[in-house]
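Below is one structure, written out as structure tokens, with a few remarks after it.
The values are calculated or read from the model by the stated rules, or taken from the named source; none is laboratory data. Computed from a predicted model, the values in this text were never measured in an experiment. Backbone-built Cβ (ideal geometry, glycine too); neighbour counts: all protein chains shown. Ligands, DNA and RNA are stripped out before the accessible areas are found, and what is left, the full protein with its side chains, is counted by its heavy atoms. Shrake-Rupley method; radii C 1.70, N 1.55, O 1.52, S 1.80 Å.
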Amino acid sequence: MTTRSILLGTALGLSLASGAFADVKIGSLYPFSGPLALLGEESARGLDLAVDQINAAGGLHGDRIVLERGDAVDNNQAIGEARRLISLEGVKAVFGTYSSSRVIAASQVTELAGIPYFELGAVADEVTGRGMTYLFRTNPTAENMGIAVIDMLADQIAPAAGKAPEDLKIGIIYEDSSYGTSVAGHEVAHAKERGLNVVLKSGYPANIVDMSSLVLDLKGKGVDVVLQTSYQNDTVLFLQQANEAGYKPMAIIGGGGGYSMQPTADAVGTDVIDGVYDVDFTQYAINPDFTPGIETFLDAYRAKYGEEPRSGHSLTNYVGALAVLQAIGEGEGFEPDQIVASVKAMDIPDGSTAAGYGVKFDDTNQNERARMMGMQWQDGKLLTVYPPDAAVAEIRQSE
Amino acid sequence: MTTFLQILLNGLMLGGLFAIVSIGLTLIFGIIKVVNFAHGEFLMGGMFITWLITTQMGLHPYAAVIVVVPVLFVMGALTQRLLIQPLMSARDDHIQIFATVGLSTALINLALLIFGADIANTPPHGLRAPLEFGELRLLTGQVMIFGAAIVLVIGLELFLKYTQTGRAIRAVAQNRGAAELMGINVNHIYVLTFGLGAACVGLAAVLIAPLYPTSSNIGTYFVLTAFVVVVLGGLGSIPGAFLGALIIGEVDALSGYYIGSDLREAVVFGLFLLILILRPSGLFGARQNLSHLS
């Protein structure tokens, strides 16, 4: 045995020993400041809670997970923070990001460095499908949203009203950035597949201050069902101006954004928003048999933050993070290819996570089981009504 | 026919809304020749104060005018005194533009820090109640805005024409150097004018808050249109800005219905460019000398 091999052996032994007691670092990349901070922080809480749960159960391969936060306040900083997390902090994987444009920017850095990136909350179609090896997405997408809106209309709402879906006149309105445009595009495409009648499709800028012309247009064309994909201000504006113009369509189905938030209901009034539908990430008023573990999540959330979750973002991020971390724990180790192999082997069936949907990645590394849920505002509460196995309430017909 | 009349009415009300937001801006622009990019954030600040007073003290939103207008006057005056005035002597006037852009960003982020990213709802206290004329509908609050805009335009015109201070303000606008030689304290006039302009937007904030949810970036929704209105009206002409606002409101409403919501901005700005090409000094603008000294 040469001196050299003894030295090598000692070094190896030391590194193994320190490895056994070391922490494993994971990046937590969200917008923690700036305009997106509210829901960025809410999303990050889901990841924090998943990590707490894994650490309480003994960590990953005996190592404790330590989250290193990166503030993705804008696209440039998302890139900078991804670099810092990889090179300076030496994270084994990055989790994030809430905003689609931030993950699209930051994942280019991680992909080049060969570090796995797990997107838990951004919905834009372009996030996956760019041929990246190390980028995975657990949450449902804009396409899932468009499909869920149309399916809920054709399979639940129309039958409940005693109408044939083909007889309904559908009007699609959307804020004209990439978010609204892509969801509206999927709605139109899926409505066509299902033989539905779209009579109006109109975009508008999200910073619109008057929607009365659009309301008159919908009213004039006799639109029965309005599908709106929007942020908060334009949601409030549309619901108020439709109400004030005396326009009462058979159904209004909102796509996420403003439609899921309590302040929107407060702004327009519970009587105005009553009966309005919404398609979004899994919310909390849902059948617990379909979402096992949601109580554990809610208890942990209340214990750690002393309040109720402010939106479904934390739950969606928690479910994705927990599933991925558990898969990594069952895998071979923390090398990028070992992580990729372990998550690609995932096969979690529907109805067995706290968000309801299962996890299995398709060829583009998108979770093919992810889907959006349908809700309805009833007496000031947002209750899950679709799909039927997740529902806690019957659809209520507005007069 | 009813639909057409309703659209015309909606356009008129929208015009009143744009007018009340733009009047303060045109005053500052016409007299001090400073492009105030923080104008929208003054509006936002005023709306948040209105919201606070209405929700915390349970008062009618219009009662907040007693607080909001003076607070905005002071904000405007301080902006002129502490930010713009030191830059007046800068070699390049554009420095002031960057200063107001900086102020705008700072105010938006300050509001985010204080109020968070969520919307704040000022209780409408009946201002959202519709007034019905046959089949036509208007909101009480919209009519109040329209009325207030007319009163404000007439009031400011009278003030500028018939008071000593008003005449001094116009003198400074016409020729800063000559006004200074006549013994007018130009810096005082500037501080006063900036304060007045900000006070006008304070009034707008009180009237708008019950109708629109307040958020940190609400100012950016209005400010671009306000600039269009000001330029259309002829840079500093208050009746011109009012007329420009009505034109923009009508064009916005009509194109939104007859052409499509996604194209309304294209129509509004296309028309704006056309008017600028045909009448470069705006609808009411005389050939103005925009230099500070000559």
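Search region B:172-190 for residues being of a type in the set (A, V, I, L, M, F, W, C) and surrounded by fewer than 13 Cβ atoms within 10 Å (Cβ to Cβ), and hand back the single one that is nearest to B:Pro239 (Cα to Cα).
Here the answer is B:Met182.
If A:Glu89 meets every condition in (1) surrounded by fewer than 24 Cβ atoms within 10 Å (Cβ to Cβ); (2) of a type outside the set (Gly, Ala, Ser); (3) farther than 25 Å from A:Asp299 by Cα; (4) free of Cβ contacts under 8 Å to residues at least 60 places away in the same chain apart from one, which number is that one?
Result: A:Glu89 fails condition (4) only.
This table checks each residue for (1) within 14 Å of chain A (Cβ to nearest Cβ); (2) surrounded by 18 or more Cβ atoms within 10 Å (Cβ to Cβ).
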site: B:Ile7; (1), (2): yes, yes
site: B:His39; (1), (2): no, yes
site: B:Phe48; (1), (2): no, yes
site: B:Gly58; (1), (2): no, no
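Determine which single condition A:Gln228 fails, assuming it passes every other condition in (1) open to solvent by 10 Å² or more (accessible area, probe 1.4 Å); (2) in contact with a Ser or Thr (Cβ under 8 Å, 6 or more places away or on another chain); (3) within 14 Å of chain B (Cβ to nearest Cβ).
Tallying (1) open to solvent by 10 Å² or more (accessible area, probe 1.4 Å); (2) in contact with a Ser or Thr (Cβ under 8 Å, 6 or more places away or on another chain); (3) within 14 Å of chain B (Cβ to nearest Cβ), A:Gln228 fails exactly one: (1).
Let's see how each residue does on (1) within 14 Å of chain B (Cβ to nearest Cβ); (2) part of a helix (DSSP H, G or I); (3) modelled with pLDDT of 90 or more:
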| site | (1), (2), (3) |
| --- | --- |
| A:Leu7 | no, yes, no |
| A:Ala11 | no, yes, no |
| A:Ala17 | no, yes, no |
| A:Ile26 | no, no, yes |
| A:Pro35 | yes, no, no |
| A:Ser43 | yes, yes, yes |
| A:Gly46 | no, yes, yes |
| A:Val51 | no, yes, yes |
| A:Gly58 | no, no, yes |
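Among (1) in a helix (DSSP H, G or I); (2) surrounded by fewer than 24 Cβ atoms within 10 Å (Cβ to Cβ); (3) basic (Lys, Arg), which single condition is A:Arg130 missing?
Condition not satisfied by A:Arg130: (1).
Among residues belonging to region A:235-258 that are surrounded by 22 or more Cβ atoms within 10 Å (Cβ to Cβ) and facing another protein chain (nearest Cβ under 10 Å), point out the one that is nearest to the chain's Cα centre (by Cα).
If we take residues in region A:235-258 being surrounded by 22 or more Cβ atoms within 10 Å (Cβ to Cβ) and facing another protein chain (nearest Cβ under 10 Å), then A:Gly258 is nearest to the chain's Cα centre (by Cα).
Is it true that A:Asp379 is open to solvent by 60 Å² or more (accessible area, probe 1.4 Å) and not assigned by TED's automatic domain parsing to the domain that holds A:Asp224?
Criteria not met by A:Asp379.
Filter region A:92-127 for residues that are among the acidic types (Asp, Glu) and open to solvent by 20 Å² or more (accessible area, probe 1.4 Å); which is farthest from A:Ser182 (Cα to Cα)?
It comes out as A:Glu111.
Return only the number of the condition from (1) open to solvent by less than 20 Å² (accessible area, probe 1.4 Å); (2) out of contact with any Lys or Arg (no Cβ under 8 Å at 6 or more places or on another chain); (3) β-branched (Val, Ile, Thr) that A:Thr296 does not satisfy.
Result: A:Thr296 passes all but (1).
Kindly indicate whether any position in region B:198-219 is farther than 17 Å from B:Leu27 by Cα and open to solvent by 60 Å² or more (accessible area, probe 1.4 Å).
Yes, region B:198-219 contains a residue that is farther than 17 Å from B:Leu27 by Cα and open to solvent by 60 Å² or more (accessible area, probe 1.4 Å).
Scan region A:198-206 and give yes if some residue there is assigned to a helix (DSSP H, G or I) and among the β-branched types (Val, Ile, Thr), otherwise no.
Checking region A:198-206: not a single residue is assigned to a helix (DSSP H, G or I) and among the β-branched types (Val, Ile, Thr).
The rows are residues; the columns are (1) surrounded by fewer than 20 Cβ atoms within 10 Å (Cβ to Cβ); (2) in contact (Cβ under 8 Å) with a residue 60 or more places away in the chain; (3) hydroxyl-bearing (Ser, Thr, Tyr).
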residue: A:Ser28; (1), (2), (3): no, yes, yes
residue: A:Pro31; (1), (2), (3): no, yes, no
residue: A:Pro35; (1), (2), (3): yes, no, no
residue: A:Leu60; (1), (2), (3): no, yes, no
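I'd like to check something: does region A:202-211 contain any residue that is surrounded by fewer than 19 Cβ atoms within 10 Å (Cβ to Cβ) and modelled with pLDDT of 95 or more?
Scanning region A:202-211 turns up no residue that is surrounded by fewer than 19 Cβ atoms within 10 Å (Cβ to Cβ) and modelled with pLDDT of 95 or more.
Can you run down the residue pairs with Cβ atoms below 8 Å, 6 or more apart or on separate chains, where the first is in region A:242-258 and within 16 Å of A:Val215 (Cβ to Cβ) and the partner is among the basic types (Lys, Arg)?
What qualifies is A:Ala242/A:Lys248; A:Glu244/B:Arg128; A:Glu244/B:Arg137; A:Ala245/A:Lys219; A:Ala245/B:Arg137; A:Gly246/B:Arg137; A:Tyr247/A:Lys219; A:Met250/A:Lys163.
What pairs come out if I take residues in region B:258-269 that are facing another protein chain (nearest Cβ under 7 Å) and pair them with residues that are part of a helix (DSSP H, G or I) whose C-beta lies under 8 Å away, six or more apart or interchain?
B:Ser261/A:Ser213; B:Ser261/A:Leu214; B:Ser261/A:Asp217
For region B:78-171, which fully contained helices (runs of 4 or more DSSP H) count at least 3 residues that are open to solvent by less than 40 Å² (accessible area, probe 1.4 Å) and in contact (Cβ under 8 Å) with a residue 24 or more places away in the chain?
Hits in region B:78-171: B:94-115, B:140-162.
For region A:265-293, which residues satisfy the criterion of being open to solvent by 10 Å² or more (accessible area, probe 1.4 Å), among the charged types (D, E, K, R) and more than 14 Å from chain B (Cβ to nearest Cβ)?
A:Asp274, A:Asp280, A:Asp289
I'm checking my understanding of the structure. Among residues of region A:165-183 that are open to solvent by less than 40 Å² (accessible area, probe 1.4 Å) and within 20 Å of A:Asp155 (Cβ to Cβ), which one is farthest from the other protein chains (Cβ to nearest Cβ)?
A:Pro165
Of the residues in region A:184-209, how many are within 14 Å of chain B (Cβ to nearest Cβ), touching a strand residue (DSSP E or B) at 6+ places or on another chain (Cβ under 7 Å) and of a type in the set (Gly, Ala, Ser)?
4
All but one of (1) out of contact with any Lys or Arg (no Cβ under 7 Å at 6 or more places or on another chain); (2) in a helix (DSSP H, G or I); (3) surrounded by 14 or more Cβ atoms within 10 Å (Cβ to Cβ) hold for A:Ser314; which doesn't?
Failed condition: (1).
A:Leu322 fails exactly one of the following numbered conditions: (1) among the aliphatic types (A, V, I, L, M); (2) farther than 22 Å from A:Val385 by Cβ; (3) part of a loop (DSSP other than H, G, I, E, B). What is the number of that condition?
Of the numbered conditions (1) among the aliphatic types (A, V, I, L, M); (2) farther than 22 Å from A:Val385 by Cβ; (3) part of a loop (DSSP other than H, G, I, E, B), the odd one out for A:Leu322 is (3).
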